[in-house]
1. Sort out which residues of the range 57-107 are among the aromatic types (F, W, Y) and within 17 Å of T28 (Cβ to Cβ), and write them in order of number.
2. Pairs, please: C-beta under 6 Å, at least 6 apart or cross-chain, first residue free of Cβ contacts under 8 Å to residues at least 12 places away in the same chain and in the range 58-78, second part of a strand (DSSP E or B) and crowded, with 16+ Cβ neighbours inside 10 Å?
3. Residue by residue through the range 5-20, note down the ones that are more than 18 Å from V48 (Cα to Cα) and either modelled with pLDDT under 95 or crowded, with 16+ Cβ neighbours inside 10 Å (or both).
4. Determine the pairs where a residue that is β-branched (V, I, T), located within the range 1-15, has a partner that is surrounded by fewer than 17 Cβ atoms within 10 Å (Cβ to Cβ) with Cβ atoms under 7 Å apart, the partner being 6 or more residues away or on another chain.
5. Give me a count of the residues in the range 67-82 that are surrounded by 14 or more Cβ atoms within 10 Å (Cβ to Cβ) and over 13 Å from V48 (Cβ atoms).
6. Need a quick list: strands (runs of 3 or more DSSP E) entirely within the range 10-99 having at least 2 residues that are within 15 Å of the chain's Cα centre (by Cα) and not β-branched (V, I, T).
Amino acid sequence: QVQLVESGGGLVQAGDSLRLSCAASSGTLRSYATAWFRQAPGKEREFVAAIKWNGRTYYADSVKGRFTISRDNVVYLQMNSVNPEDTAVYYCAARPVSNRDLVRPSDYDYWGQGTQVTVSS
């Protein structure tokens, strides 16, 4: 069982930057596929970005060019040029290496508790 802990959320203004972090109880996420999802009030949880064990990255169209996912022993989500539509609870998710897809919540085995990001206009 892997426990994930997110940090770095908060209240920012439109155009600001924010960096989220996801740490694992196992000590490293290098051997996992790891992703960030977000969920706004009244909406379904949606894919934001993912990084595979080999370092390849994937992004939702809505964040491409603004957000960057990266990893050392911790997985980060660098959020630049945020806007009010980015307001949501952001969740870190991970799974061992497999051939499953990357963009559905059901593709992941482990989840963090979430961190709130609020962007004011």
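The values are calculated or read from the model by the stated rules, or taken from the named source; none is laboratory data. From a predicted model like this one, the values you see are computed outputs, not experimental measurements. Cβ: placed from backbone, ideal geometry, glycine included. Neighbour counts: every protein chain shown.
1. Here is the first cut: in the range 57-107, the residues among the aromatic types (F, W, Y) are 58-59, 67, 76, 90-91.
Of everything in the range 57-107, just one residue is among the aromatic types (F, W, Y) and within 17 Å of T28 (Cβ to Cβ), namely Y76.
2. Y59/A49
3. V12
4. V2/S25; V2/S26
5. Total satisfying the criteria: 4.
6. Per the criteria, 18-24, 32-39, 46-51, 57-59, 67-71, 75-79, 88-96.
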